[in-house]
Amino acid sequence: MVVVRSFVAAGAATADVLADLDRNLTEAGLSPHFAYLFYGQVHDDRTLEDWLSRRLPDTAVIGGTTCGGMMSDQQLWGADSIGLLVIEDEAGDYGVAARELGADAAASAEQALRDALEAAGCPGELPELIWIYQAPGREEEVIEGLRRVVGDNCPIIGGSAADEAIAGQWREISSAGTMSDGLVVAALFPSGGVGYAFQGGYEPTGASGIVTRVGFQPSGGEGVVTSSRGRQILTIDNEPAAEVYNRWIGGLLDGKLAAGGNILADTTMTPLGIDTAQTNGVPHYLLVHPETVTAGGGLTTFATVEEGTRLFSMRGDRQRLVDRAGRVAARASANLAGGQASLAGGLMVYCAGCKMAVGEEMPEVAAEVSRNFDGRPFLGCFTFGEQGNVLDRNLHGNLMISALAFGA
Amino acid sequence: MPDTEELRESLLEMSHEAESLRGENTQLRLLLDSLQALLTCDPGDDPFAAIFASLRSVFRYSEILVLTEDENCPEHLTVIAAEPAGLAATIWETGDLLRKVLAGRVTASVYNEGAETAPEGEEARLGASQPALYLPMRVGDRRGLLVLLRPAGGEGFDRGHVALARRFSLLASAAFAARHAREQEKESADLRQLTERLRVSERELAYRANFDPLTGLPNRTLIEEKVGEAIDRLQPGGRLALAFIDLDKFKQVNDFYNHSVGDALLVAVAARIQQNIRGTDVLARISGDEFVLLLTPYENLGQAQSVIDRIIDHLKKPFYIEGLELFTSASTGVSIHPDHGQDYEALRRTADLAMYRAKSHTKGSAVYFDQSVGDASAARMGLEQKLRAALRDGRFRCAFQPKFDIRRGRVLGFEALVRWIDEDDQVRAPGDFIDVAAELGLLNGITRIVLAASNEAFAILDPLFGPDTRISINIGAKQASDRRFMAELIEEIVATGQASRFMLEITEETVVEPDPFQTEILPELRRRGIGISIDDFGTGYSSFSVLTDITADELKVDRAFITAIDQRPRSQGILKAMESLARALGMAIVAEGAETEAEMAYLREHSSIGLVQGYYFAKPMMAADLVAYWRQRWPDLTGEQWGLPARGRVALRTAL
């Protein structure tokens, strides 16, 4: 029997908020085996760590900071909130491990997964699902490391920790403490099974081009350099990337081409897309969010792109981002072996960029998810990158929405 | 035509469903084969040979072992059967992992170091990176387990394999228990019964995978196979035709009656099409109200046309369902192999495009694919892109057409009519784009632009027409029933601070839908003081009795009744009936489309209608243009007159 509950409280003083959560947790009378913990960057790490070790000493905990609050089955919460999604599952196994990303993020991820399996009491076993929360920037390396252990034989889902102003204030948390450039991995063997879904809410506009040059990407402490893949697109179809992209999106960046600078907010509705897989000839797109225009007319992005990749101009709208959240939740529930009726609760990862685009309609997103989760408990965080499984491939993308449903 | 997002989602769901069906089928076959082998083999035979064969085909293992607990030494497990046979009789230590498996867990391993699973003295058999799948299996009265191994470094087992193994494990254990107790007739009988049930279920699954359960026709999967086979059988230069048949307005049948009537109609339609095709043709239902017909052999276009014409004609005849007389029709598109497509998917797509052309131009007709259909489709795709860009770039404007009170001689309101300024700066009327915008889900955004433009227009219109006029905004039936959109729209209207100056023009189609418009949205509109107008009255589905359920402010008589009304006694009679109705229900009545002096004279002298909207007074124009036009064309009918009722009215009546 799997019981899922969500608890969220808000306030300026971390200790007070935790006292509220403590009270709610006690009233619920649960002994959680696994928990997600998300919080705003304003909260004090040490107070949180102390509380976790005192209040949930035997619970595998994973989470970190989220951008601008979180959502739950009750409402949308502000940036000063702390939320818990707890899972009581006597017959399941859960293990969490944390590591600094370090010089070799892939190796760190591989070792963290092995440690998480060990912590779950299942060394060497293929988990039902791997859930990760990490510092943004090196997501592809982390997935590569995890895939060394499990391949694409089980889904890898998660998010990249976020702060309020993309200022490096994000943290990742586990029972072992907090980190700012680390990775937390959970290996899940829930007894009620899981359903999941990972989708974007954007459509191609028709324009596309081939990445003809990417910037040199130093990788790791030894400065390994590769010129064939990276997060800086220099040219598309042999023209400066920013110029081509600006043309695709109707001159939205006219004022920024010369001076360069951050374009995250300008491009939330017009990201780039990569055709990752096809179902019956219909492409499935993974989204790439352009971050800045560089001095040389290139684009930096929130996901890695390879030379030779065809990039598509994508477009979203607010309503689609609202509706899509509900549909992703519904799809995850429907994917449970026992169907929607067996749903105990769920977890959402919603891109902070999408949140910014949806703006004041975000309460509607929370309501839509709640409706599609049949009012069952859920918690949702807002991230700077999303990891998920598309047609049996584990990938990192931007501006994506993922949902995880726990079976009862 | 669905947009690509919906198409992608549908495909994913269909693929997922097909995958599940295939998976279930495979599982059942596997279980059945294994059960059958256990039940039928003699006591002296090796019961594992058939099980291994079944498992090999599904799990593609390189080695397999069956281990059972050793009575004398519970810390060890003995291999009682294996492939290769050399592994048999080895002893394995019962570590944590094997203990969990014995307790009922099915699991796969991704690496084995530290897993304590290696057999004593046989470590080389289970390498550190050799993928393994473990499943519990009771062998007779002993606890045991199966271990399936794949080559080191090879592809591992995935979560799908674990789920499949879970089901197999349960049944295999039951089969061994029954075999163990095969002397007990009851258990054997139960098992045979179970086997038979599974066989029935396998047949049902196979049926479901290939046939539509409602009509019994081949489904999407099977017709694709059939078309592929028919293409393969064609002689060089041979042809075949594929028809895409889509019922017109089928949704309304479901909406107005219920789904059982809709389903019965689909069954009847399927039967009627079947009666009108040749024995060699194949009809399939591929979704809701969509049928695909494979026409083979194909001699020439005339031959195909005669079959299609026969179907279309017969579908137009009435259907009698649950005591109702229903009329329907089907729009049909036809494509020819190899001219319009090399395979099923290409043929279906081109036939679909042709069907879409038929539906857009003349419902209930057939269109045969040719280059012009392809070009039209490309043009439509272009239109879609341009509309999305127009919404993004704010290229929609609003024109206003006045509603004039011919009794009091003043403008009482305006209908707001959207205009699209295309990329060549041409002004496009709603007829050019509104249907496509609705299909693309852009209508809500456009309506919001119209509201904002209308609110701004008051500042231009009020100085001339006075501060009491109202602006009407058109709302589509689908929009009117969208709770969330309507709630937001109402809030936006209220936020203008002059909700009572707005009126929503809804269609008859909206009025006949009781939920949620009548029960939830209409009361809210009334509460907020927003007016309701029923547009194009007389052309839709409403009956007078439905109108009594709705409290509207205004009834707009469609232009079809006003055009040349002075010469058409029948229209005159209908208009009188509408007047009586509106009077009885306390609604104002607006005559739309008045253009000529003669029409105006009739309305003025032979009807009690007060409000008139039409080219006679003004075409729809941008607010500033309308003000300038009005000052020049109707200098006496300006706001200044409203304050002088006696003198003004006399003068104006004379003028009219």
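Rundown of residues vs (1) buried (at least 21 other Cβ atoms within 10 Å of the Cβ); (2) over 15 Å from B:ILE471 (Cα atoms), yes/no style:
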{"position": "B:ALA584", "(1), (2)": "no, yes"}
{"position": "B:VAL590", "(1), (2)": "yes, no"}
{"position": "B:ALA594", "(1), (2)": "yes, yes"}
{"position": "B:GLU599", "(1), (2)": "yes, yes"}
{"position": "B:LEU603", "(1), (2)": "yes, yes"}
{"position": "B:ILE609", "(1), (2)": "yes, yes"}
{"position": "B:VAL612", "(1), (2)": "yes, no"}
{"position": "B:MET621", "(1), (2)": "no, no"}
{"position": "B:LEU626", "(1), (2)": "yes, no"}
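For segment B:89-105, the set of residues classified as in contact (Cβ under 8 Å) with a residue 12 or more places away in the chain and among the aliphatic types (A, V, I, L, M) consists of B:ILE91, B:LEU97, B:LEU98, B:VAL101, B:LEU102, B:ALA103, listed by residue number. Restrict the check to segment B:291-305 and report whether at least one residue is surrounded by 13 or more Cβ atoms within 10 Å (Cβ to Cβ), without any contact (Cβ under 8 Å) to a residue 40 or more places away in the chain and assigned to a helix (DSSP H, G or I). Within segment B:291-305, one or more residues are surrounded by 13 or more Cβ atoms within 10 Å (Cβ to Cβ), without any contact (Cβ under 8 Å) to a residue 40 or more places away in the chain and assigned to a helix (DSSP H, G or I). Give the residue that is surrounded by the fewest Cβ atoms within 10 Å (Cβ to Cβ), with candidates limited to residues of segment A:296-314 that are of a type in the set (Gly, Ala, Ser) and more than 14 Å from chain B (Cβ to nearest Cβ). The selected residue is A:GLY308.
Check whether at least one residue in segment A:346-356 is open to solvent by 40 Å² or more (accessible area, probe 1.4 Å) and closer than 19 Å to A:GLU88 by Cβ, and report yes or no. Within segment A:346-356 (the criterion being open to solvent by 40 Å² or more (accessible area, probe 1.4 Å) and closer than 19 Å to A:GLU88 by Cβ), the answer is no, since none of the residues qualifies. Among the conditions (1) closer than 30 Å to B:GLU384 by Cβ; (2) open to solvent by less than 50 Å² (accessible area, probe 1.4 Å); (3) within 29 Å of the chain's Cα centre (by Cα), the only one that B:ILE493 does not satisfy is (3). Would you mind telling me which numbered condition in (1) open to solvent by less than 30 Å² (accessible area, probe 1.4 Å); (2) outside any strand (DSSP E or B) B:HIS314 fails? For B:HIS314, the exception is condition (1).
Pairing each residue of segment A:248-263 that is away from chain B (no Cβ under 14 Å) with any residue that is part of a loop (DSSP other than H, G, I, E, B) and open to solvent by 40 Å² or more (accessible area, probe 1.4 Å), provided the two are 6+ apart or on different chains, yields C-beta distances under 6 Å for A:GLY260/A:ALA295.
Scanning segment A:239-283 for residues that are over 30 Å from A:ASP392 (Cβ atoms), in contact with a Lys or Arg (Cβ under 8 Å, 6 or more places away or on another chain) and not aliphatic (A, V, I, L, M) yields A:GLY250, A:ASP266. Filter segment B:318-375 down to the residues that are under 24 Å from B:THR296 (Cβ atoms), part of a loop (DSSP other than H, G, I, E, B) and not hydrophobic (A, V, I, L, M, F, W, C), then identify the one that is least open to solvent (accessible area, probe 1.4 Å). Restricting to residues being under 24 Å from B:THR296 (Cβ atoms), part of a loop (DSSP other than H, G, I, E, B) and not hydrophobic (A, V, I, L, M, F, W, C), the top hit is B:GLY341.
Can you find, within segment B:72-87, the residue that is farthest from the other protein chains (Cβ to nearest Cβ) among those that are farther than 16 Å from B:MET137 by Cβ and either open to solvent by 70 Å² or more (accessible area, probe 1.4 Å) or in a loop (DSSP other than H, G, I, E, B) (or both)? If you could, list the steps in order and put the result at the bottom.
Filtering segment B:72-87 for residues farther than 16 Å from B:MET137 by Cβ gives B:72-76, B:84-87.
After this cut, where a residue has to be either open to solvent by 70 Å² or more (accessible area, probe 1.4 Å) or in a loop (DSSP other than H, G, I, E, B) (or both) as well, the list is B:72-75, B:84-85.
Numbers: B:ASN72: 29, B:CYS73: 24, B:PRO74: 21, B:GLU75: 19, B:PRO84: 24, B:ALA85: 27 Å.
The residue in question is B:ASN72.
What are the residues in segment A:270-295 that are open to solvent by 40 Å² or more (accessible area, probe 1.4 Å), in contact (Cβ under 8 Å) with a residue 12 or more places away in the chain and assigned to a loop (DSSP other than H, G, I, E, B), if any? Within segment A:270-295, A:ALA295 is the sole residue that qualifies. Filtered by the rule that a residue be within 13 Å of chain A (Cβ to nearest Cβ) and modelled with pLDDT under 55, segment B:115-149 gives B:ALA115, B:GLU116, B:THR117, B:ALA118. Residue count for segment B:232-253 satisfying the condition of being surrounded by 20 or more Cβ atoms within 10 Å (Cβ to Cβ) and under 13 Å from B:ILE336 (Cβ atoms): 5. Checked against the criterion of being farther than 26 Å from A:ALA91 by Cα and surrounded by fewer than 24 Cβ atoms within 10 Å (Cβ to Cβ), the candidates A:VAL369, A:VAL365, A:VAL390 yield just one match: A:VAL390.
Being closer than 24 Å to A:VAL149 by Cβ and in contact with a Phe, Trp or Tyr (Cβ under 9 Å, 6 or more places away or on another chain) narrows it down to one residue among A:VAL96, A:VAL8, A:VAL4, A:VAL17; which is it?
Working: A:VAL8 fails: closer than 24 Å to A:VAL149 by Cβ; A:VAL4 fails: closer than 24 Å to A:VAL149 by Cβ; A:VAL17 fails: closer than 24 Å to A:VAL149 by Cβ.
It is A:VAL96.
Looking across segment B:376-390 at every residue that is modelled with pLDDT of 85 or more and open to solvent by less than 50 Å² (accessible area, probe 1.4 Å), the one that is nearest to the other protein chains (Cβ to nearest Cβ) is identified as B:ALA389. The listed residues are A:ASP266, A:ASP323, and the only one of them that is within 12 Å of another protein chain (Cβ to nearest Cβ) and either open to solvent by 30 Å² or more (accessible area, probe 1.4 Å) or assigned to a strand (DSSP E or B) (or both) turns out to be A:ASP323.
Being within 14 Å of chain A (Cβ to nearest Cβ), in contact with a helix residue (DSSP H, G or I) (Cβ under 9 Å, 6 or more places away or on another chain) and crowded, with 17+ Cβ neighbours inside 10 Å is the filter here; which residues of segment B:391-419 pass it? Steps first, answer last, please.
Step one: filter segment B:391-419 for residues within 14 Å of chain A (Cβ to nearest Cβ), giving B:391-395.
Subsequent filtering for residues that are in contact with a helix residue (DSSP H, G or I) (Cβ under 9 Å, 6 or more places away or on another chain) retains B:391, B:394-395.
Passing the criteria: B:LEU391, B:ARG395.
Given the condition aromatic (Phe, Trp, Tyr), part of a strand (DSSP E or B) and either within 30 Å of B:ALA618 (Cβ to Cβ) or within 27 Å of the chain's Cα centre (by Cα) (or both), answer yes or no: does some residue in segment B:381-396 qualify? Checking segment B:381-396: at least one residue is aromatic (Phe, Trp, Tyr), part of a strand (DSSP E or B) and either within 30 Å of B:ALA618 (Cβ to Cβ) or within 27 Å of the chain's Cα centre (by Cα) (or both).
For segment A:116-167, the tally of residues that are within 12 Å of another protein chain (Cβ to nearest Cβ), without any contact (Cβ under 8 Å) to a residue 24 or more places away in the chain and out of contact with any Asp or Glu (no Cβ under 9 Å at 6 or more places or on another chain) stands at 1.
Could you look through segment B:472-494, keep only residues that are outside any strand (DSSP E or B) and of a type in the set (S, T, N, Q), and pick out the one that is nearest to the other protein chains (Cβ to nearest Cβ)?
Let us first name the residues in segment B:472-494 that are outside any strand (DSSP E or B), namely B:475-494.
Remaining after also requiring of a type in the set (S, T, N, Q): B:479, B:481.
On the way: B:GLN479: 13, B:SER481: 16 Å.
Selected residue: B:GLN479.
The values are calculated or read from the model by the stated rules, or taken from the named source; none is laboratory data. Quick caveat, the model's predicted, so the values are computed rather than measured. Positions of Cβ are generated from backbone atoms using ideal geometry, with glycine treated the same way; all protein chains shown enter the neighbour counts. Calculation scope for accessible area: heavy atoms of the full protein, side chains included, ligands and nucleic acids excluded. Shrake-Rupley method; radii C 1.70, N 1.55, O 1.52, S 1.80 Å.
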